[in-house]
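Asker: Pasting a structure below so you can have a look.
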Amino acid sequence: AITALVGFLVGVVLSYLSAIQLKNYGADVFIINILGLGIVRELGPILAAILVAGRSGSSMTAQLGVMRVTRELDALAAMGISHTQRLVLPKIVALAITLPLLVLWSDIAALIGGMLSADVQLGIGYRQFLHGLPAAVPIANLWLGAGKGAVFGILTALIACHYGLQIKPNT
């Protein structure tokens, strides 16, 4: 819900600010291109990654840090269980799968927000917006954004787990 709300509001703001400039030059219809490419390729993956890094990344770091303090990591090592295989790898796989889905979710919310704002500011109807969007944003950009989400998910999990495992076993 937070990702959708942030995406929606960013779409509204981007559309509102772009509409002011586009209206001056009579290039109203290019709002679809700006919103489509800007959100699908760049803003969607970045917004989702920042929110996930703040929420899930810090949670992963704290969880591994608590495991270090309570000596659970030492117990795993004593049983011959690898930290990486048992604790880190599932987190990496989970974020590599879920972050692209969150990117798509935030893209949809941001495009809806931008579409509503474009209708209010420029009079571009929903039907015109939805009809022009596939022409403005090729499907390869959607895959590129989802791929960025997977990479950001892997990096977030790796960094969070790295710092969680670096915590010293003291209060």
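The values are calculated or read from the model by the stated rules, or taken from the named source; none is laboratory data. As the structure is a computational prediction, the values presented were derived from the model and not from experiment. Cβ coordinates were reconstructed from backbone atoms using ideal geometry, including for glycine residues, and neighbour counts include every protein chain displayed. We work out accessible area using only protein heavy atoms, side chains counted, and drop any ligands, DNA or RNA first. Shrake-Rupley method; radii C 1.70, N 1.55, O 1.52, S 1.80 Å.
Asker: Would you mention how many residues in the stretch 142-168 are under 15 Å from S59 (Cβ atoms) and within 14 Å of the chain's Cα centre (by Cα)?
Answerer: Residues flagged as under 15 Å from S59 (Cβ atoms) and within 14 Å of the chain's Cα centre (by Cα) within the stretch 142-168 amount to 3.
Asker: Can you pull out the residues in the stretch 70-95 that are of a type in the set (A, V, I, L, M, F, W, C), closer than 13 Å to C161 by Cβ and out of contact with any helix residue (DSSP H, G or I) (no Cβ under 8 Å at 6 or more places or on another chain)?
Answerer: Within the stretch 70-95, L89, V93 meet the criteria.
Asker: Would you confirm, using the coordinates I've provided, whether M67 is over 19 Å from the mean Cα position of the chain (by Cα) and within 21 Å of I2 (Cα to Cα)? Outline the logic, then answer.
Answerer: Details: over 19 Å from the mean Cα position of the chain (by Cα): yes; within 21 Å of I2 (Cα to Cα): no.
When the stated conditions are applied, M67 does not pass them.
Asker: Of all residues in the stretch 44-69, which are within 30 Å of L122 (Cα to Cα) and touching a helix residue (DSSP H, G or I) at 6+ places or on another chain (Cβ under 6 Å)?
Answerer: Selection gives G44, P45, L47, A48.
Asker: Which of the residues belonging to the stretch 1-27 are assigned to a helix (DSSP H, G or I) and open to solvent by 50 Å² or more (accessible area, probe 1.4 Å)? Let's see the steps before the verdict.
Answerer: First, the residues of the stretch 1-27 that are assigned to a helix (DSSP H, G or I): 2-25.
Selection gives I2, L5, F8, L9, V13, Y16, L17, I20, Q21, K23, N24, Y25.
Asker: Another question about this same structure. Name the pairs whose Cβ atoms lie under 9 Å apart, with the first residue in the stretch 124-152 and of a type in the set (K, R), the second loosely packed, with under 15 Cβ neighbours inside 10 Å, and 6 or more positions between them or separate chains?
Answerer: K148/E42
Asker: Still on this structure: Going through the stretch 70-112 one residue at a time, which ones are small (G, A, S) and under 21 Å from the mean Cα position of the chain (by Cα)?
Answerer: Step one: list which residues in the stretch 70-112 are small (G, A, S), which gives 75, 77-78, 80, 82, 94, 96, 106, 109-110.
If the condition is that a residue be small (G, A, S) and under 21 Å from the mean Cα position of the chain (by Cα), then A94, A96, S106, A109, A110 are the ones that fit.
Asker: Output the residue which, of all residues in the stretch 28-41 that are under 18 Å from S106 (Cα atoms) and without any contact (Cβ under 8 Å) to a residue 40 or more places away in the chain, is most open to solvent (accessible area, probe 1.4 Å).
Answerer: Per the criteria, the residue is I34.
Asker: Just give me the residues in the stretch 160-171 being open to solvent by 30 Å² or more (accessible area, probe 1.4 Å), assigned to a helix (DSSP H, G or I) and in contact with a helix residue (DSSP H, G or I) (Cβ under 7 Å, 6 or more places away or on another chain), in sequence order. Steps first, please.
Answerer: Pass one, the stretch 160-171, residues open to solvent by 30 Å² or more (accessible area, probe 1.4 Å): 162-163, 165-171.
So of that shortlist, the ones also assigned to a helix (DSSP H, G or I) come out as 162-163, 165.
Those that are open to solvent by 30 Å² or more (accessible area, probe 1.4 Å), assigned to a helix (DSSP H, G or I) and in contact with a helix residue (DSSP H, G or I) (Cβ under 7 Å, 6 or more places away or on another chain): Y163, L165.
Asker: Which condition number does D119 fail, the rest of (1) under 15 Å from I39 (Cβ atoms); (2) without any contact (Cβ under 8 Å) to a residue 24 or more places away in the chain; (3) open to solvent by less than 60 Å² (accessible area, probe 1.4 Å); (4) not polar (S, T, N, Q) being met?
Answerer: Only one criterion in (1) under 15 Å from I39 (Cβ atoms); (2) without any contact (Cβ under 8 Å) to a residue 24 or more places away in the chain; (3) open to solvent by less than 60 Å² (accessible area, probe 1.4 Å); (4) not polar (S, T, N, Q) is unmet by D119, namely (1).
Asker: Additional query: Sort out which residues of the stretch 92-111 are open to solvent by 30 Å² or more (accessible area, probe 1.4 Å) and over 26 Å from T61 (Cα atoms), and write them in order of number.
Answerer: Once the filter is applied, which keeps residues that are open to solvent by 30 Å² or more (accessible area, probe 1.4 Å) and over 26 Å from T61 (Cα atoms), the stretch 92-111 yields only I108.
Asker: Tell me whether the stretch 36-56 contains one or more residues that are over 22 Å from A146 (Cα atoms) and among the small types (G, A, S). Reasoning before the result, please.
Answerer: Filtering the stretch 36-56 down to residues over 22 Å from A146 (Cα atoms) leaves none.
Taking every residue of the stretch 36-56 in turn, none turns out to be over 22 Å from A146 (Cα atoms) and among the small types (G, A, S).
Asker: Looking for whichever is out of contact with any strand residue (DSSP E or B) (no Cβ under 9 Å at 6 or more places or on another chain), outside any helix (DSSP H, G or I) and open to solvent by less than 90 Å² (accessible area, probe 1.4 Å) here; the options are G80, G114, G147. Which one fits?
Answerer: Answer to the selection: G80.
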